[in-house]
Every structure is written in C-alpha cells, then in structure tokens.
Protein chains: 2
Amino acid sequence: MTMTMRRCVGGSSISPRSCRRVVVPSVFLVSLCVLGFLLNVFGQENRHERAFGGGSGTTSPATGVPRCGQDRGRPTQGCAWNVSTAERADLIQDKFTMTISTFHRPKELGRVLDTVLSDKLPSLFEVVVVWNNFGETPPPDFTSDHGVPVRYRTPAHDSLNEKLRPDPGYRTAAILLSDDDVFYRPSDLEFVFQIWREFGQDRLVGALARCISSGRAGDRHADARGSWEYNFCTPSSSWGGGDGDGETYSMVLTNLAFTHVSFLDHYFSDAGPAVRMRQVVDDAFNCEDIAFNYMVSYLTGRGPLLVRGRDQYVNMDPPAGISRNKGHLEARGQCLNDFAQILGCMPLVDVKGRMERGFKHNVWYKSVWDLMTL
Amino acid sequence: MTMTMRRCVGGSSISPRSCRRVVVPSVFLVSLCVLGFLLNVFGQENRHERAFGGGSGTTSPATGVPRCGQDRGRPTQGCAWNVSTAERADLIQDKFTMTISTFHRPKELGRVLDTVLSDKLPSLFEVVVVWNNFGETPPPDFTSDHGVPVRYRTPAHDSLNEKLRPDPGYRTAAILLSDDDVFYRPSDLEFVFQIWREFGQDRLVGALARCISSGRAGDRHADARGSWEYNFCTPSSSWGGGDGDGETYSMVLTNLAFTHVSFLDHYFSDAGPAVRMRQVVDDAFNCEDIAFNYMVSYLTGRGPLLVRGRDQYVNMDPPAGISRNKGHLEARGQCLNDFAQILGCMPLVDVKGRMERGFKHNVWYKSVWDLMTL
C-alpha cells in the first residue's frame with residue numbers, strides 16, 4: 001500500500017481504480033481526524049444551553065460581592081455538613097436513588113427509564129420520577145424486571161426547587177439528580193457512583209461542568225471586587241484569580257449529578273439564605289442548579305467533581321426546555337450575583353481535575369464513535 | 001481543495017504537482033492518526049520495565065493468599081493511619097518535599113533538577129537527593145534561584161528501602177517520591193500536588209499505574225484462592241474479582257508518586273510485618289514500591305490514584321536500571337506473593353478512575369506532541 005500511495009502522490013500512471021482504493025480510505029481517515037478535532041474544540045455538551053442563549057450572561061450589580069475567604073462568610077468548613085450527614089447515617093450507604101425530573105417529554109423520559117432499567121445495575125436502589133406534568137395523571141408505580149421500584153411523585157407546587165426536595169421516602173444517602181433528557185450509560189453510571197462514594201460524598205459529582213468568570217476580563221484580581229458572569233467553560237474563560245488557561249470549572253449541572261441527601265436537607269431548610277435562594281429560583285423560574293452548587297460549596301469549602309465514563313453521556317437535546325428560552329444566560333448571570341449577595345460572598349471553588357474511567361487516555365476516535373452511537 | 005481532492009481520487013488528468021499538494025498533507029494527517037492510535041494502543045510508560053522483563057511474573061507459591069476482607073487481616077480501616085497523621089500535624093501542610101533517588105545517572109539527575117528548579121513552583125519546599133552513588137562524594141547542598149534548598153543525603157546502607165526512610169529533616173507532610181529518570185513537567189507537578197491535597201492524602205498519588213491478576217486466567221473467583229501475578233495493566237489483565245475489562249489498576253510506582261510522610265513512618269516502623277517486608281526488599285534488591293503500595297492499602301483499605309497532567313510525564317528511559325535486569329518481572333511476581341504471605345492477605349485495592357487535568361478530554365494529537373517534545 002505504501003508503494004501505491006507513493007505512486008498516487010507522485011502522479012504516476014497507475015490505474016484510477018488502484019489510486020481510488022488507496023486515497024478513499026485516506027480521505028475517510030482524514031475526515032475522521034478533522035471531525036475528532038472539531039468535536040474536541042467545540043464540544044457537545046454546550047449545545048443545549050447555547051442554542052438560544054444570546055451571549056454570555058453579563059450582569060453588573062450595583063455592588064459586587066467578592067469570593068468567600070477561608071474565614072469570611074463561610075461556616076467552619078465542613079462542620080455543618082458533617083453534623084447533618086451523621087443525622088443521616090441510618091440510610092443505605094452503598095446504593096443510590098435516581099431522581100428524574102420530567103416536564104412533558106414522555107418520549108425522552110421513556111428512553112431514560114428504559115436505559116437505566118434494562119441492565120442490572122447492582123447499586124440502583126430506586127427510581128423516583130418528579131412528575132411536573134401538572135394536569136396529567138402519572139402512570140402507576142411499578143417494579144422493573146431487575147427488581148428496581150419506580151415511583152412517581154407529583155410536587156405540591158410548580159417549582160424547580162421540587163427536584164431538590166429531600167423526599168421523606170428516600171432510603172439511600174446517595175441521590176442521582178437527573179433530568180428526563182440526559183443520562184450516563186448504565187455501565188458508566190455504576191462507575192460514577194463508585195467515584196462519588198470514594199472521592200465525592202462532600203461534593204456534587206456530575207457530568208456537565210459550568211464556569212464563572214469575573215466581570216473584568218483580563219483583570220486577574222477582578223474577583224476580589226466581585227461581579228460575576230456565567231459561561232460554558234470555553235478556553236478563554238477562567239476565574240479572575242485563576243491562571244487564565246481556562247482549565248478550571250466551578251459547578252456541575254444538576255441534570256446529571258450525584259449528591260448526598262444531606263445537601264438536600266440543607267437546601268430545603270428554614271435557614272434564611274436557603275429560603276431566600278429558593279425564592280430567587282421561583283421568581284426567575286431558573287437557576288436551581290446554580291443555587292445548589294452555591295450551597296454545597298458554601299457548606300464544605302469544596303468545588304464539584306466532573307466525572308466522565310468510558311462513553312460520553314447521552315444528551316437527547318429535545319427542542320423544548322427552559323435552557324432554550326431567550327435570555328436564559330442573562331438570567332443565570334443575574335442569579336450568580338443575586339446568590340452571592342444573599343450569602344455575602346461568592347462560595348464557588350475552582351476545580352482543575354476531572355475523573356476519567358480506567359487507566360488509559362481516551363482516544364479521539366472514541367468521541368466519533370460516541371457521536372455515531374448516540 | 002475538495003474539488004482537487006476529488007480529481008485526484010478520480011484519477012483525472014490534473015497536474016501531478018497539484019495532486020501532490022493535496023495528497024501529501026492528507027498522508028501526513030493519516031500518519032499522525034495512525035501514530036496517535038499506536039501510541040494509545042501500546043502506550044509509552046511500560047517500555048522501561050518491559051524491555052528485558054521476559055514475560056509476566058508468574059509464580060505459584062505452595063499456599064496462595066486471598067484478598068484482605070473488610071474485617072479479615074486488616075486493621076480497622078484508616079484508624080492507625082489517622083493516628084499517625086495527627087502526630088505529624090505540626091508539619092507544613094500546603095507545600096511538598098521532592099525526594100529524588102539517584103544511582104549513577106548524573107546526566108538524568110541533572111535534567112530532573114534543572115527542570116523542577118527552573119520554574120517557580122509555589123508549593124515546592126525542598127529537594128532531597130538520596131545519593132546512592134556509594135564511593136562518590138555528593139555535591140555540596142545549594143539553594144536554587146527561586147529559593148528552594150537542595151540537599152544530598154547519603155544513606156547508611158545500600159538499600160532500596162532508603163528512599164522510603166522518613167528523613168528527620170522533612171518539614172512537609174507531603175513527599176514526592178521520585179527517581180532520577182522520570183518527572184512531571186513543572187506546571188503539572190503543581191496540579192498533581194493539589195490533587196493529592198484534595199483527594200489523595202490517604203493514598204499514593206502518582207503517574208505510573210501497575211496491575212496484578214490472579215494466577216488462574218479467566219477464573220473470576222481465582223483471587224479468593226490467591227496466587228498473584230504482576231503485570232503492566234494491559235487490556236487483558238484484570239483482577240480475578242474485577243469485571244474483566246482491564247480497566248482497573250491497584251498500584252502506582254514510587255518513581256513518581258506523592259505520599260503522606262506518615263506512610264513512611266509506618267514503612268520504617270518496628271512492626272513485625274514492616275520489618276519482614278523491608279527484609280524481602282533487601283534480599284531481592286527489588287520491590288520496595290510494591291511493599292509500599294501494600295502497606296498503604298493495608299492501613300487504609302484504599303487503592304492508589306493515578307493522575308495525569310496536561311502533558312505526558314517525562315521518562316528518560318536510561319539504558320541502565322534495576323527494572324531492566326533479566327528476571328525483573330518474575331522477581332516482582334514473587335514479591336507480590338511473599339508480601340501477601342507476610343500480611344496474611346492481599347491488601348491491594350482495585351481502582352477504576354484516574355484524575356486528569358482540566359475539564360475537557362485530552363485529544364490524540366496531544367500524545368503525538370508530547371512524544372515530539374520529550
């Protein structure tokens with residue numbers, strides 16, 4: 001083949017068919033390379049929110065709020081949270097509950113349920129569907145072929161906070177928060193849960209990272225003055241206090257993230273900041289995931305943990321959803337600053353590492369394969 | 001370009017020069033793809049030990065030793081270690097000491113020192129060179145341009161254990177164990193240290209993973225009977241109790257790994273198993289890294305953590321070294337079983353996740369670039 005290739009390159013007179021046999025696969029491979037490159041440059045996970053976002057969520061509150069320090073504005077690190085986990089020690093520690101929030105997307109919900117219930121997932125204890133299809137009666141509860149109970153819960157209010165309610169029926173310490181349009185593949189789900197157990201019980205551990213940046217681009221000390229913007233973790237984005245290489249993230253979305261149930265307890269507590277943050281979420285009909293990230297980092301002083309499985313998670317990217325509303329990003333930028341005002345400081349912590357499955361690098365053609373098998 | 005490419009493929013009569021302009025870059029890209037693929041399939045990190053290893057380290061002791069259980073053979077998880085870290089609480093917690101073990105490789109040692117001392121590494125407190133060049137006077141101690149002290153320590157004995165001695169002069173809790181022929185690039189070193197602080201103080205956190213497998217290939221329950229083999233984490237290798245997909249590792253080599261100094265205290269303690277394991281290391285003149293991995297996992301019930309930086313670590317792969325001796329792998333297989341006999345069970349824990357830098361997948365052409373810039 002090398003000789004034939006050389007003759008094609010040299011333009012010598014071998015038959016067009018022989019030449020085609022060599023060059024066509026080459027062109028195919030080059031295309032794969034270019035596709036792999038593009039996938040890596042532009043990513044896939046942002047498409048959902050980016051679609052109708054209309055730019056970054058710039059906002060300029062009258063008074064900026066700087067980052068929380070070790071001693072300023074933050075409770076003694078980890079203490080409040082440690083107390084509350086001790087109160088939940090009676091829960092099952094080695095299994096998890098999957099909570100799926102759904103809103104009029106029966107096809108997508110069906111696919112998520114089919115996927116997670118089709119295989120035997122040793123650690124999946126229960127599935128709870130938060131039924132936001134108000135006016136529709138939910139299906140009856142059932143038990144999967146592998147013995148996993150599935151129950152539907154209709155919230156008392158039409159509120160995004162309801163997904164984060166500490167359901168009194170929960171029997172596991174670990175809750176996988178998810179939406180009806182995104183899921184880890186089953187074998188990866190088990191892996192991510194084990195990573196949560198080993199490394200992340202005091203963090204949010206999830207699939208989709210999000211970033212914030214300080215309002216004054218290029219000013220490395222701008223975060224000390226505190227005007228915050230929401231972004232998709234693009235290479236140019238970083239903390240004001242970061243090293244500017246765009247490697248850090250500071251949130252994971254709650255459409256696919258493990259949390260300890262104790263954080264739900266705190267989120268739904270009567271503490272003043274929690275009440276006010278839930279009110280902001282209801283007023284904006286947005287930002288419950290940002291509020292939850294704030295609360296976790298405020299309590300623990302830790303950032304989230306991004307985990308990727310062997311395969312890319314599946315994002316069905318349906319055409320309807322809050323994140324496709326015009327002005328979505330601006331609203332989220334406003335939330336960043338409102339929540340920081342409520343807490344008295346910006347609690348999010350920048351994180352530079354992500355957990356990957358196995359001991360070898362993923363390779364570019366995996367991304368192509370993932371895309372083809374979505 | 002697309003039109004021209006099509007004409008080349010179709011064999012039509014455009015000039016050889018035009019054809020060459022199109023196809024040569026394509027061939028170059030294809031070559032890069034293939035190279036990237038080969039790099040991923042065969043990896044780079046194994047070449048050192050594999051070179052003259054002579055196959056996997058099969059050994060069949062008369063009596064096999066099964067894995068440690070939660071309650072069998074292992075001290076109450078983490079307790080002994082927690083006590084000893086409390087005893088070391090006076091040490092500096094947010095900086096690290098780099099301990100480089102050298103053996104007659106001045107060129108390689110010089111390169112490691114130049115690299116880690118050339119940049120300002122905010123967290124590097126001190127460098128200690130363990131001078132195994134017996135008969136040669138070490139150079140005088142010095143302080144780098146960035147104010148990092150470098151001191152040479154000549155061990156009292158010619159023993160591989162000496163690298164793991166808890167030097168009374170250590171002033172940091174974190175010790176980066178390294179050899180004179182391998183290093184993380186400076187910016188990655190800072191990243192790996194921060195990962196150790198956040199996720200790995202009760203683990204070994206390093207660059208090169210190694211695996212074990214039970215002696216009866218294909219028998220998923222063979223580990224319960226316990227005859228152990230050493231391997232390079234090839235796709236076909238896995239724990240007897242693993243899922244057979246070759247994703248797990250259970251050790252990191254101590255030629256580039258962070259440890260808490262408390263583990264060094266335990267390794268050099270007068271406890272019976274520690275004394276006997278050090279004796280095995282001296283008798284075999286090998287396996288100090290295996291012994292250390294055993295001890296850490298025995299004390300904590302946790303496996304190691306593999307961390308990769310933005311760039312591949314540098315392995316200078318010099319032509320002389322213990323790991324190039326004939327029979328090296330067999331000797332290491334024997335150590336696996338000897339240490340398990342000493343402890344009464346196999347303490348190593350399988351790990352499925354590795355930490356990577358940043359929030360985006362590494363891409364295949366990074367591997368090519370790393371290779372070109374070694």
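Please tell me which of these pairs span more than 23 angstrom C-alpha to C-alpha: B:Lys95/B:Lys163; A:Lys120/A:Lys360; A:Lys360/B:Lys360?
Values: B:Lys95/B:Lys163 19 Å; A:Lys120/A:Lys360 26 Å; A:Lys360/B:Lys360 15 Å.
Over 23 Å Cα-Cα: A:Lys120/A:Lys360.
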*Centroid-to-centroid separation of the stretch A:93-149 and the stretch A:246-303 [C-alpha atoms, Å]*: 23
*Shortest first and in nm to one decimal, what separations exist between B:Pro139 and its copies in the other chains, measuring from label points 7 Å along the Cα-to-beta-carbon line?*
7.1
*Taking a label point 7 Å out from Cα toward Cβ, give me the nm distances from B:Arg151 to the same spot in the other copies, shortest first, one decimal.*
6.3
*Fewest Cβ neighbours within 10 Å first, please rank A:Ile342, B:Ile212 accordingly.*
A:Ile342, B:Ile212
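The numbers here are math on the coordinates, done by the rules we state, and not lab data. These numbers were taken from a predicted model, which means no experiment stands behind them. Methodologically, a virtual Cβ is constructed for each residue, glycine included, from the backbone with ideal geometry; neighbour enumeration extends over all protein chains shown.
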